[in-house]
Amino acid sequence: MSNGTFSEQMGAMALVDELRLQQRQMQEHLDLPRRREEVAERIRGYYQRQGIACDDALIEQGVREFFARRLVFEAPALSWPRRLLAGLLLRRALTAWLLVGVALLGGTLLATKQHQSPAPSQPSKSSVASAGNGLAVPAPQWSSKAEQAAYQARLEQYTQLMARIDAMPLSSDMRARLMPYALSTGPLVANHQPAASSQALRELQLFTDFVESKLQLVIPDGTGEVSGYERCLMGDTCQRGSKDGKAWFLVFQGHDPQGRVVTMPVLGSNGLTTFTDTVGVQVSRAQYLRSRKSKRATGHIDKPIFGKKDAYSLDRGFDARIIPGGRYDNPSEDPQYITARF
């Protein structure tokens, strides 16, 4: 298959997947009663787990008001030149004078240009480069053959990753969740941004490896390895010996069938996805203390196998030791707020 044909195929596939995702999201938005009930139920569960008293009527009211506003169009604020132009155009008496002014200005610029020497001709930007994502961009002006080779290598890596994702036997829901993330890498590669595209390709590679892998989730308990920790969720305001504002986590790693540790994505407190070999998942304080006691007594965690992740999935399943709906945590993020570990 020629490169042009493959690029066209990748571009068309990207558009089809975007349309399918939009169709799925539209169907979800149209079923508002079900969506409202699901959100309200999750909010109730969260407050119950945190021990926060909250009236059901208040939750229902908040959910209804949120959904009533979420699909309302709010026009973006115009910049001052656009506000001025809009004001002039809305005043019909001034519109004619505005057009006359534009015509006079154009005539003046044309006369000035005719008295100037012609500018040197610029290189044509009509040629475009395709990054396998259906986006056309100006062809790059390479400063060296090494730079051109590096770009071609990034382009090849991206097309291979997209072909690999397309070949995965993913559910429609899983594909709808994965494709927007994968497609967001394409413009960075196509626009010839070496540092940003290399980082994005590395993350897409890690994400693809994670989705593809069948994993056993294991609590590390070797010498010098952290198996669990206590984190202050209120910055540096937690008091020693107090439970207020704290959460407890057991650490886990993802092991593939060959026993290799697979890097996993985790959503940080800043809302950004990071990648790490060890992730914390929230447990109760009582479970944290039981696991700590077990490791201190025997040097190992009782039942270190914690859960699993199926191949071609993002979802991780755990045993009863975790808090249902509990949060994930990156232990390497803000380590100064980890107040205890074992």
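The values are calculated or read from the model by the stated rules, or taken from the named source; none is laboratory data. Bear in mind the structure is a predicted one, so any value in this text is a computation, not a measurement. Note that each Cβ is placed from the backbone with ideal geometry, even for glycine, and that neighbours are counted across all protein chains shown.
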Of the listed residues (Phe342, Phe252), the one being touching a Leu at 6+ places or on another chain (Cβ under 7 Å) and either over 16 Å from Phe207 (Cα atoms) or surrounded by 13 or more Cβ atoms within 10 Å (Cβ to Cβ) (or both) is Phe252
If you scan segment 310-342, which residues turn out to be over 23 Å from Arg49 (Cα atoms) and among the small types (Gly, Ala, Ser)? Ala311, Ser313, Ser332
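I'm trying to understand the selection: among the residues of segment 324-342, which are in contact with a helix residue (DSSP H, G or I) (Cβ under 8 Å, 6 or more places away or on another chain) and under 30 Å from Met179 (Cα atoms)? Let's see the steps before the verdict.
Taking segment 324-342 and keeping what is in contact with a helix residue (DSSP H, G or I) (Cβ under 8 Å, 6 or more places away or on another chain), we get 324-326, 342.
Of everything in segment 324-342, those that are in contact with a helix residue (DSSP H, G or I) (Cβ under 8 Å, 6 or more places away or on another chain) and under 30 Å from Met179 (Cα atoms) turn out to be Pro324, Gly325, Gly326.
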Go through (1) in contact with a strand residue (DSSP E or B) (Cβ under 6 Å, 6 or more places away or on another chain); (2) not in a helix (DSSP H, G or I) one by one and return the number of the condition Phe210 breaks. (2)
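Could you list, in sequence order, all residues of segment 309-333 that are assigned to a strand (DSSP E or B) and either loosely packed, with under 15 Cβ neighbours inside 10 Å or without any contact (Cβ under 8 Å) to a residue 12 or more places away in the chain (or both)?
Passing the criteria: only Gly317.
Looking at segment 264-278, is at least one residue among the charged types (D, E, K, R) and either touching a residue at least 24 places away in the same chain (Cβ under 8 Å) or assigned to a helix (DSSP H, G or I) (or both)?
First, the residues of segment 264-278 that are among the charged types (D, E, K, R): 277.
Now restrict to residues that are either touching a residue at least 24 places away in the same chain (Cβ under 8 Å) or assigned to a helix (DSSP H, G or I) (or both): 277.
So far as segment 264-278 goes, yes, one or more of its residues are among the charged types (D, E, K, R) and either touching a residue at least 24 places away in the same chain (Cβ under 8 Å) or assigned to a helix (DSSP H, G or I) (or both).
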Any residue in segment 169-178 that is touching a residue at least 24 places away in the same chain (Cβ under 8 Å), outside any helix (DSSP H, G or I), surrounded by 15 or more Cβ atoms within 10 Å (Cβ to Cβ) and not aliphatic (A, V, I, L, M)? no
When you check Tyr181 against the structure, is it assigned by the TED database to the domain that holds Ala311 and either touching a residue at least 60 places away in the same chain (Cβ under 8 Å) or within 19 Å of Tyr312 (Cα to Cα) (or both), yes or no? no
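Would you confirm whether or not segment 201-223 contains a residue that is farther than 24 Å from Leu170 by Cβ, hydroxyl-bearing (Ser, Thr, Tyr), buried (at least 17 other Cβ atoms within 10 Å of the Cβ) and over 20 Å from the mean Cα position of the chain (by Cα)?
At the first step, the residues of segment 201-223 found to be farther than 24 Å from Leu170 by Cβ are 218-223.
Still in the list and also hydroxyl-bearing (Ser, Thr, Tyr): 223.
Pick out the ones that are also buried (at least 17 other Cβ atoms within 10 Å of the Cβ) and you get none.
No, the conditions are met nowhere in segment 201-223.
Would you confirm whether any residue within segment 255-264 is surrounded by 12 or more Cβ atoms within 10 Å (Cβ to Cβ), over 21 Å from Lys295 (Cα atoms) and of a type in the set (Asp, Glu)? Before you say what the answer is, go through the steps one by one.
Applying the first criterion (surrounded by 12 or more Cβ atoms within 10 Å (Cβ to Cβ)) to segment 255-264 yields 255-256, 261-264.
Now narrow it down to the ones that are over 21 Å from Lys295 (Cα atoms): 256, 261-264.
Next cut, of a type in the set (Asp, Glu) only: 256.
Scanning segment 255-264 turns up at least one residue that is surrounded by 12 or more Cβ atoms within 10 Å (Cβ to Cβ), over 21 Å from Lys295 (Cα atoms) and of a type in the set (Asp, Glu).
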